[in-house]
Amino acid sequence: MLTRYRKTSPTVTAARDPFFSFVDRFFNEVGFPAGENGADTSDRWLPPVDIQETDDAFVVSADLPGLSKDDIDISLEDGVLTLAGERKFSNEETEGKTFRRIERSYGSFRRSFTLPQGVDAKKVNAKFTDGELHLTLPKSATAKPRKITIS
């Protein structure tokens, strides 16, 4: 007897894994944004973000394909960096053509990150190129590590 197995994408499997759901709930409870009234956000579009630290700054990179710089709002208030925007669905069906599969995510998004102390908010720099947003958050002089010599 031939048994058929359905192949699944590792990403889809990981997204529905109970461990990852627990991790998502944990981070939502400690200050990461959740849906309205704490609703599950597993079906919302949350663009992936990388955050790096260098000696002089923090660098935030976000993948925002299909958006223009006018579609993105960036704010920094009380030590919280917020990225928000919307990727709109274009239902441009023409005669004889119908969507058979839609896998890309659409809709509004909002990501918030609490910044460590010592970020110089007045010198934040944002660049948006080819669907990638890069924010440079310079450290203030007091936040930079310094070497102390022994006398």
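The values are calculated or read from the model by the stated rules, or taken from the named source; none is laboratory data. Everything numeric here is computed off the predicted structure, so don't read it as measured data. Every residue, glycine among them, receives a Cβ derived from its backbone with ideal geometry; neighbour counts consider all protein chains shown.
Annotations
- Some residue of the stretch 96-114 being under 30 Å from R146 (Cβ atoms) and out of contact with any helix residue (DSSP H, G or I) (no Cβ under 6 Å at 6 or more places or on another chain): yes
- Residue under evaluation T98, criteria (1) among the hydroxyl-bearing types (S, T, Y); (2) at pLDDT below 85; (3) outside any loop (DSSP other than H, G, I, E, B), criterion not met: (3)
- Residue match in the stretch 116-128 (condition: out of contact with any His (no Cβ under 7 Å at 6 or more places or on another chain), free of Cβ contacts under 8 Å to residues at least 24 places away in the same chain and part of a loop (DSSP other than H, G, I, E, B)): yes
- Some residue of the stretch 77-90 being assigned to a loop (DSSP other than H, G, I, E, B), more than 15 Å from L46 (Cβ to Cβ), β-branched (V, I, T) and touching a Leu at 6+ places or on another chain (Cβ under 8 Å): no
- Exactly one residue out of K127, K139, K123 is among the basic types (K, R) and touching a Pro at 6+ places or on another chain (Cβ under 6 Å): that is K123.
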